[in-house]
Amino acid sequence: MFYKPGKGLLILLFFVLAFQAHSQQKTNADSIRKKMEWFEDAKLGIFIHWGIYAVDGIDESWSFYNKKVTWPAYMNQLKGFTASKYDPKDWVDLIASSGAQYAVITTKHHDGVALWNTKEKHYSTVKHTPAKRDLLTPFYNELRKANIKAGAYFSLLDWSHPDYPAFIKDSVRYKLEDDPARWNRFRTFFQSQINEISNQFNPDLFWFDGDWEHSAEEWESQKVRAGILQKNPNAIINGRLMGYGDYDTPEQNIPVSRPKYNWWELCMTINNNWGFQHKDTNWKTPMEIITLFADAVSHGGNLLLDIGPREDGTIPEEQRNVLTELGKWNKKHASAIFGTRAGIPQGHFYGPSTISKDSTSLFLFLQGHTSGQILVKGLTNAIKEITVVGDGTKIKHKVVGKISWSPVPGLVYIDIPEGIQDKYITVLELKLEGPVKLYTGHGGFQ
Ligand code: H79
């Protein structure tokens, strides 16, 4: 008798295949390794969601898509977007103080409102809001002065464009297959906007969003990628181009195991929303942000931490506070964070860790007010010295249970004295004899 797969199994298979098609990376890691260097070293970026949604403090674009407000009511916010206190120098000072090495700003969200003077006949802050100006040029200029890499978020999908098929949930303007000419008009439009961004701002990084509504063929992903790289061969492209990007972008959800792409970046809000919302006071604390930052870096990833300025361009105090506290901690622990590589697996040390680029220093992150003894397992290297990062205190360790004739290393117990604890996370540097080498066996005699 033949096995007849049940409906459930077929549906599962469909999702597995669909997911693979979505997430499979078409770019070869070796071919992009060189240009990815700064990104791999950078660890921290600041994401900025600024748009008309800050006027009423409602979900960016999704509020009309999900029918929480009507599209006309949403677009009415155009009238209230002033940028009257916008101070790009202040923004960049704040970003620099956090220790971030790059920033990514929304050039256009799913609502279609461009923050620059687009030549296309479509919405912009220049032509349709009291702000009446290109908000991106002054920001990018300040970033470059501060030597911070410049990133451009761009939504491929555009729910406000008359030639874009999807509009609001459960309602489309037309079906692509019924009117390919109309879809082609949209393609010409969005490719032109991407070209404008390339030519006017020459971003170091493109951060696409909204790719899930169409296939790579429909988006002409290869053409988008080629166009960007023609202008700037070193531009980095995030992984939301239906397989034609350079790195993975888990959103809001912290990965427990390392994402598939060779490089990855966790994007995360400080409260519950990307854009400014008056009622959202669910702020993450500096401790929580520092903890999840250390966790991302420990797994070889970056954190792209989001801020949402008000419509007038001011940045809420709670967000400023998180960035400055994170910055103070980063300054003290710079050697353990920037330019490092993913740490050792959990079985060796139960906490985040990183390894210096030359692999001869192991950094251990101790959460809370750890004191007493901590344990490292399976570390083959001899330890030259252990210091508290950013403080210099030398601390003692003891190797326990090493059998002289066995290659299995002993257990390393490290004494954590009182008085050296950081307010957030204390970091130890273990200077090793040679590059880190781990024993991963089953114990016993070999
Ligand atoms: O700009 C911010 C958000 O507005 C935007 N990305 C960040 C940076 C964003 N919001 N949600 N999403 C991206 C993911 C959307 C997921 C869904 Fe779906 C779209 C859930 C349902 C439709 C994709 C397609 C996942 C399941 C089906």
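Brief remarks on what is shown
- Each of ASP415 and ALA226 was given a label point 7 Å from its Cα along the Cα-to-Cβ line. The distance between the two points is 6.6 nm.
- Per residue accessible area of the chain, 1.4 Å probe, in Å²: 45
- Gaussian network model of the chain, Cα within-10 Å springs - most flexible of ASP248, ASP163, ASP306: ASP163
- Overall form of the range 200-350 per C-alpha gyration tensor (a/c, 1.5; a/b vs b/c): oblate
- Within the shell defined by Cβ-Cβ distances under 13 Å, the residues around VAL55 carry a net charge of -4, with Lys and Arg each +1 and Asp and Glu each -1.
- Rounded to the nearest 10 square angstrom, GLU218 shows an accessible area of 60 square angstrom against a 1.4 Å probe.
- The share of alpha-carbon pairs in the range 341-432 lying farther apart than 23 Å comes to 19%.
- Cα gyration tensor shape for the range 80-162, rounded if a/c is under 1.5, else prolate or oblate: prolate
- Accessible surface of the range 122-268, 1.4 Å probe, proportion on carbon and sulfur as whole %: 48
- Pairwise centroid distance, computed over Cα atoms, of the range 265-292 with the range 135-203, Å: 26
- GNM on the chain, alpha-carbon springs under 10 angstrom: the most fluctuating residue among LYS127, LYS108, LYS223 is LYS223.
- Residue by residue, the range 169-181 carries 3J(HN,Hα) couplings of 3, 6, 8, 10, 6, 6, 9, 3, 5, 7, 8, x, 5 Hz when phi is fed to the Karplus relation 6.51 cos²θ - 1.76 cosθ + 1.60 (θ = phi - 60°); x denotes Gly or Pro.
- Karplus-derived HN-Hα couplings along the range 50-59 (A = 6.51, B = -1.76, C = 1.60, θ = phi - 60°), whole Hz, x at Gly and Pro: 10, x, 5, 4, 6, 5, 8, x, 10, 3
- Shape of the range 9-332, Cα gyration tensor, a/c cut at 1.5: rounded
- Of the whole protein surface, HIS214 contributes about 20 Å² of accessible area at a 1.4 Å probe radius.
- For PHE206, distant residues with modelled amide H under 5 Å away: ALA152, ILE236, ILE237, ASN238
- Max mean-square fluctuation residue, GNM over the chain, Cα-Cα springs under 10 Å, options LEU303, LEU229, LEU241: LEU229
- Computed from the C-beta positions of ASP358 and GLU318, the FRET efficiency with R₀ = 41 Å rounds to 0.60.
- Hz values of 3J(HN,Hα) by residue in the range 397-402 - Karplus curve (6.51, -1.76, 1.60), Gly and Pro given as x: 9, 9, 9, 10, x, 7
- Summarising the label geometry, the points placed 7 Å from Cα in the beta-carbon direction at ASP391 and GLU120 lie 5.3 nm from one another.
- Put simply, the amide H of ILE307, placed in the peptide plane, has neighbours under 5 Å in PHE47, ILE48, HIS49, leaving out anything fewer than 5 places away on its chain.
The values are calculated or read from the model by the stated rules, or taken from the named source; none is laboratory data. Remember, it's a predicted structure, so these values are computed and weren't measured experimentally. Counting neighbours? That spans all protein chains shown, and the Cβs are built from the backbone with ideal geometry, glycine included. Accessible surface is based on the protein model in full, side chains and every heavy atom, while ligands, DNA and RNA are left aside. Shrake-Rupley method; radii C 1.70, N 1.55, O 1.52, S 1.80 Å.
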